[in-house]
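The values are calculated or read from the model by the stated rules, or taken from the named source; none is laboratory data. Just so you know, these numbers come straight off a predicted model, no measurement behind them. Because the Cβ atoms are built from the backbone with ideal geometry, glycine has one as well, and the counts that use them run over all protein chains shown. Keep in mind that these areas ignore ligands, DNA and RNA; they rest on the heavy atoms of the full protein, side chains included. Shrake-Rupley method; radii C 1.70, N 1.55, O 1.52, S 1.80 Å.
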Amino acid sequence: MTKFLLSLHVLAAIIAVGPVTVAASMFPPSARKALAEPDSERAVSAVRLLHRICRVYGGVGIAVPVLGFATALSMGVLKDAWLIVSMLLTALAAMVLLALVLPRQEEILEGIGGTAVDAGTTARLAMFTGVFNLLWATVTILMIVRPGSTTGA
């Protein structure tokens, strides 16, 4: 059962978190282009699509910590420091996405429609996206290295 849960956890991370990190990273430069060319339907559509990917896959991403918790429970590692840190960083990444990335993407989308958006907004969004991606990279590394692991890796 542990291998099955672990497989689902890894698949969920790849399928859900991967698209969010890529789409969120692509959003700021695409938004700058759409803000510079508001009459370009292609540029505006790209930004809307990237935001939708972040929103939808971010929601699907809840499966990652749920499956991770189930896997950790079956492995008996819920009290291990590396797992606790990973869970905290995962929660922090979710907060960054929900409180800092998605709202700024929505603000920019409104700005393309007519509300003024300053250049600092896309720069801050790029910074928050970088923090989100760095948190997920750190969690991934912790999942692979697992301090105190018995795998010998």
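When the test is whether a residue is surrounded by 17 or more Cβ atoms within 10 Å (Cβ to Cβ), under 11 Å from the mean Cα position of the chain (by Cα) and in a helix (DSSP H, G or I), residue 17 passes it.
Report yes if some residue within segment 39-49 is open to solvent by less than 70 Å² (accessible area, probe 1.4 Å) and either among the charged types (D, E, K, R) or under 24 Å from residue 134 (Cβ atoms) (or both); otherwise report no. Lay out the reasoning, then the answer.
Applying the first criterion (open to solvent by less than 70 Å² (accessible area, probe 1.4 Å)) to segment 39-49 yields 40, 43-47.
Retained after the next criterion (residues that are either among the charged types (D, E, K, R) or under 24 Å from residue 134 (Cβ atoms) (or both)): 47.
Checked segment 39-49: at least one residue is open to solvent by less than 70 Å² (accessible area, probe 1.4 Å) and either among the charged types (D, E, K, R) or under 24 Å from residue 134 (Cβ atoms) (or both).
May I ask you to list the residues in segment 35-52 that are assigned to a helix (DSSP H, G or I) and either modelled with pLDDT under 95 or more than 15 Å from residue 102 (Cβ to Cβ) (or both)? It would help to see each step written out before you state the result.
Filtering segment 35-52 down to residues assigned to a helix (DSSP H, G or I) leaves 35-36, 41-52.
If the condition is that a residue be assigned to a helix (DSSP H, G or I) and either modelled with pLDDT under 95 or more than 15 Å from residue 102 (Cβ to Cβ) (or both), then 35, 36, 41, 42, 43, 44, 45, 46 are the ones that fit.
Quick check on segment 105-124. Is at least one of its residues of a type outside the set (S, T, N, Q), in contact (Cβ under 8 Å) with a residue 12 or more places away in the chain and within 28 Å of residue 143 (Cβ to Cβ)? The answer is no, given that none of the residues of segment 105-124 is of a type outside the set (S, T, N, Q), in contact (Cβ under 8 Å) with a residue 12 or more places away in the chain and within 28 Å of residue 143 (Cβ to Cβ).
Picking from 55, 32, which residue would you name as being under 20 Å from residue 132 (Cβ atoms), assigned to a helix (DSSP H, G or I), in contact with a Ser or Thr (Cβ under 9 Å, 6 or more places away or on another chain) and open to solvent by 80 Å² or more (accessible area, probe 1.4 Å)?
On the way: 55 fails: in contact with a Ser or Thr (Cβ under 9 Å, 6 or more places away or on another chain).
Going through 55, 32 in turn, just one is under 20 Å from residue 132 (Cβ atoms), assigned to a helix (DSSP H, G or I), in contact with a Ser or Thr (Cβ under 9 Å, 6 or more places away or on another chain) and open to solvent by 80 Å² or more (accessible area, probe 1.4 Å): 32.
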